[in-house]
1. Find the centroid of the Cα atoms in the stretch 1-59 and in the stretch 62-121, then give the distance between the two in whole Å.
2. Pop out the Kirkwood hydrodynamic radius of the stretch 4-95 from its pairwise C-alpha distances, inverse of mean 1/r, in Å to one decimal.
3. Using a 7 Å offset from the Cα along the Cα-to-Cβ direction at both residue 12 and residue 70, what is the distance between the two label points in nm, to one decimal?
4. Given a Förster radius of 41 Å and the C-beta distance between residue 59 and residue 89 as r, what FRET efficiency does 1/(1 + (r/R0)^6) yield to the nearest 0.05?
5. When the chain is fully extended, how far beyond the present Cα-Cα distance does residue 44 get from residue 100, taking 0.36 nm per residue of separation?
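Please treat every number below as a calculation from the coordinates, not as lab data. Note that the structure is a prediction, hence the values are computed from the model and not measured. Cβ coordinates were reconstructed from backbone atoms using ideal geometry, including for glycine residues, and neighbour counts include every protein chain displayed.
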C-alpha cells in the first residue's frame with residue numbers, strides 16, 4: 001500500500017467522522033495523515049500551536065520541534081485548520097481525551113494498518129522528495145527502498 005493510498009484512506013476516514021459528528025477524532029486523523037507528529041504529541045496540542053496553516057509543536061520525548069528537513073513547520077490544509085479552531089471553542093486545548101482512548105475509538109473503523117504508519121510513510125517520502133530535489137532525480141534508489149523495508 002503506497003503513501004497515496006494511506007493518505008486517501010485517512011482523508012476518507014476523516015470525512016466519514018465529520019459526517020458522523022465526531023469532530024475531535026476527525027481532526028486527529030487529519031493531523032495524522034497531513035503531518036508526521038506522534039499521536040501522543042498531537043493529543044497535547046493547543047490552538048496556540050497553530051500559526052496560520054503551520055503547526056508548531058514540540059516532541060514530548062526529545063524536546064525538539066517538529067519541523068521538516070529544511071527546518072520549516074509542517075503545514076495543514078485550511079479545512080483542517082478551521083476544524084481544529086472550531087473544536088472546544090471555550091478552551092485552548094484541541095483534544096480532551098488521552099491518546100489511548102483515541103486509539104481505541106479508531107480501532108472501530110478498521111484501518112488495515114497501524115496508526116503510526118501515517119507518520120512513517122510521511123517521513124520516508126519527505127526524505128525521498130528532499131533527496132530527489134537535491135539530486136534532480138525522481139526515482140528511488142535501491143538503498144532507499146531497502147531502508148524503507150526495514
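1. 4
2. On the way: mean 1/r = 0.0744 Å⁻¹.
The Cα-based Kirkwood calculation yields 13.4 Å.
3. Reported label-point gap for residue 12 and residue 70 is 3.2 nm.
4. About 0.90, to the nearest 0.05.
5. Numbers: separation 56, 0.36 × 56 = 20.16 nm, distance 1.25 nm.
This chain segment gains 18.9 nm when fully extended.
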